[in-house]
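Structure first, commentary second.
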Amino acid sequence: MREFDKVFGVITAGINDSYQAGIWRGIVSKTEESGTGLVSFLGSRINSPHPDENNSNIVYSLVGKNQIDGLIIISSAISTYVEPDQLARLLEPWSDIPRVSLGLAIPGIPSVTVEGRKAIGSIVKHLIHDHKRRCFGLISGPRYHEESRLRMKSFYEFLESEGIPTASVPWIEGDFNTESGRQCVSALLDSEAEIDALFCLNDNMALGAMEELISRGYRVPEDISIFGFDGIAEAQFFNPPLTTVRQPLFEMGAKAVEMLFQQLEGKPLSNIRLSCSPLIGESCGCKSHERPFGDGDFAISSKSRTYTESEINQLKKTVLEGREQDLLELLSESLGSSLQSPSAIQSLQSMLFAAQKELLLSAGASDRDRMAGISDLIARGVSYLNRQMVFSLSSRRLKEYEQNSVTRSFGAYISEAFDKDSILNRVKEGLSLIGYSEGYMGIMSGWGEENRQNRDRWELFHLSEEVRYLNSFDGGIRQLPDALHEAWGRSRCVIKPLVSESDIFGIIILPVKTDDPGFYDIISKQIASTLKGYHLMEQVKQHERGLEAEVEKRTGELIRTNTKLQSEVELRTRLERDLIEISNETMNRIGQDLHDDLCQHLAGISMLTKVLGNSLPEGSAASDTVEKIANMLGDSIERARNISRGLVTIGLAENDFVATIDSLIESLKKSSGLPISLIVGNKFSIEKGDRRIQLYRIIQEALSNAIKHSGCSRIVVDMGMIKARTGHRPSADLPAPGFYVRIEDDGVGFVKPAKSSGMGLQIMEYRAEKACMSLDFQKTKGGGTTVLCTAIC
């Protein structure tokens, strides 16, 4: 990069929109003309609520007062969310070098601002008188933005002067972005405010508002007229073209450079206020052949050329004399190098219409031939300019297509890299494809919350014929100005932060190019996105390594825990099995003892009682008593035998299961006095073995619970087989062949709790599980309880 004796700096919130790009081009042009270096620091709006914008502002920390000889601040762009006095305090670190504020008057700083009051008034009057608009609405900028306040004040003054009370004007606050224009006009429409004209305090909001109105079925300008402020190029390519107040953006930038030189030379200095002009499009209601143009300020090209009165008079003379060829040559000469500038073409068209109006008035209504000649020649001139406009727009679209294609190629090319070296090489090669022979990249080591402690380390690389590592340094962003100054020297370059959403990854430094300033923003976002992918990949790898170590650790712990758990499960299973076996053995032993000991002993007593009864006189009181004792002993023996049969399961695994259940039921019927019926389906069978014992105990416990707790009047035991449908295999909704046992009573009903607290239920469930059976407790519709046990054979 070439070195210059003097270098100026520019602080602005990017140059990817026409407003900032127009001012920046004026600065670039004037510094080129004066042989001055220029370093542009492209950040964003200060104190923005958007994280990506706040992170972009890290670039302002790179403005080293020892590396620049003067500083231009595009204050109107960066101060959307701050007051002028707050901005003045933020700019104090550079108070000992020449400074100029653009767009806003900042206390203590020389400024270049615009006077838009007269142009706003011209458009307001035009809408009221020429298009009969009376119901105005307003979309403002932030209420603390000084330029927004001045524009609002002018707007209200002219409404009041035309008899329209400002209290009736619906007002919504925007933030100068296109999206806020959409949102604000939606709010106005939803409020059902009556409006037929809308003033947006900048063109971006006006374009967003027009898009939203059209999408909601409103016609612009038939239903609602719209006008903006700025005069950006995009506004004239919209359909309909926007009526707006045009700022002399190029001239503002050039004047700022002149003011820096005046300060360096010690010359007296005063603030500069440039005049704006109305630009009548079609969004107000005018058609292209009807557009008025005000006060002789006919054409402002991309470099702010103004046509002189002698040039205008020459054009009028050519028209009056009917010299078509001379008129076309004059128009071509007026366009000159601005042949591809739509604004220059539009200005010439406006000048032609204004000349036509003046010449027709001077001709008089009686001289029809002369009037026809003037109109015909003006029409030919307009037709010529229309053709130039088509060429201009076609050229612009072709250039945009080529630029978009190149940008997409650049983004696709660098996105394939996933390590730092390949990213740097691909960025270097991609930049050369779009015309940058060299550049610099500063990469920050840490990003994201978990790497906050690494943000102080930076690496700097030179991207030229090869990627060359320059140095690395600690100390954070504040150490960058000196380090970067060694890289960029005293040259002409643009410094753009590499930001993706809420993360910043570094900066890129590229030479100045004015053909498409938006390239810087696109390129930086694509590089930042690629770096984010690289950092995410590194983070994933780091997490993978950490996870592998953690998994290895946890796996060891799980193996040890699983081994211990398996031992505990095996122990519990063994204890549960032993408990059931002990319970069975205990019940068998008690039953056996009842049968073999107690019953025999009672039988012996019964025999002795009978012998005693026979020895007593028949009919005596003693004889009757002894007989009662004998009967009671017989009943006790029978009960003991029934209890014994219920407790003893020896032989049950081999003997007839149905007969055993029938015997149990008969015993319970006698002891309880309740009617208990047994229903056995055809071919009911249950395989021999432990399952019989467990099912027997379940039935026994269920019957005992029904007798003791249900208050029922009857009990039914139903045993049968579950059969598969003929010709079909068992499926998920069709049980496989097996058996069921249902014990049903008509008592008070019972619903099994989520967690059983009684031992009886828990033991029943355990027995069912041990025997691979399912057990279910249901409350029947008519009252009562059903215990259902099923098993697959």
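The values are calculated or read from the model by the stated rules, or taken from the named source; none is laboratory data. Since the structure is predicted, the reported quantities are computational estimates derived from the model, not experimental observations. In this analysis, Cβ positions are derived from the backbone assuming ideal geometry, glycine residues included, and neighbour counts consider all displayed protein chains. SASA here: full protein model, heavy atoms, side chains in, ligands and nucleic acids out. Shrake-Rupley method; radii C 1.70, N 1.55, O 1.52, S 1.80 Å.
Taking loop as defined by DSSP and a crowding limit of 15 other beta carbons within 10 Å, which GluC sites (Glu not before Pro) in the range 170-226 fit?
Here the GluC sites (Glu not before Pro) that fit, given the DSSP loop and packing criteria, are Glu192, Glu194, Glu222.
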How many Å² of accessible area per residue for the chain, probe 1.4 Å? 49
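Fully extended, how many nm does the chain gain between Lys420 and Ser395 (0.36 nm per residue separation, minus their Cα-Cα distance)?
Numbers: separation 25, 0.36 × 25 = 9.00 nm, distance 3.85 nm.
The span from Lys420 to Ser395 would gain 5.1 nm if fully extended.
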Out of the range 223-284, which chymotrypsin sites (Phe, Trp or Tyr not before Pro) are coil in DSSP terms and have no more than 16 other C-beta atoms within 10 Å? Phe237
Within the chain, what's the longest stretch lacking trypsin sites (Lys or Arg not before Pro) that sit in DSSP loops with no more than 13 other Cβ atoms inside 10 Å? 288-682
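Determine the shape class of the range 1-87: with a ≥ b ≥ c the square roots of the Cα gyration tensor eigenvalues, call it rounded for a/c under 1.5, and otherwise prolate if a/b is greater than b/c, oblate otherwise. Mind showing how you got there, number by number?
Numbers: a/c = 2.08, a/b = 1.66, b/c = 1.25.
The shape class here is prolate.
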For Ser225, residues with placed amide H under 5 Å, excluding near neighbours: Ala197, Leu198
For every other residue with a beta carbon closer than 12 angstrom to the beta carbon of Ile195, add +1 if it is Lys or Arg and -1 if Asp or Glu, then tell me the sum. -2
In the range 495-588, which GluC sites (Glu not before Pro) fall in coil by DSSP and have 15 or fewer other Cβ atoms within 10 Å? Glu501
Per DSSP H run of at least 4 residues, take -39500 (n - 2.57); add these up for the chain, divide by its residues and hand me the 222 nm value, nearest 500 deg cm²/dmol. -17000 deg cm²/dmol
Would you pull out the residues with amide H under 5 Å of Leu274's amide H, same chain only if 5 or more places away, H placed 1.01 Å from N? Thr113, Val114, Glu115
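Expressed as cubic angstrom per residue, what is the convex hull volume of the alpha carbon set of the chain? Don't jump to the answer; show the numbers that get you there.
Values: hull volume 263.6 nm³, N = 793.
Considering the Cα atoms of the chain, their hull volume per residue is 332 Å³.
Assuming R0 = 45 Å, what is the FRET efficiency of Asn313 and Lys65, from their Cβ-Cβ distance, to the nearest 0.05? Don't skip to the answer; put the middle values down first.
Details: r = 51 Å, r/R0 = 1.13.
That gives a FRET efficiency of 0.30.
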Around Asn47, under 13 Å between beta carbons, what's the net of Lys plus Arg minus Asp minus Glu among the other residues? -1
In whole angstrom, the spacing between the Cα centers of the range 519-570 and the range 138-177 equals 55
Roughly how many Å is it from the Cα centre of the range 188-262 to that of the range 1-31, as a whole number? 24
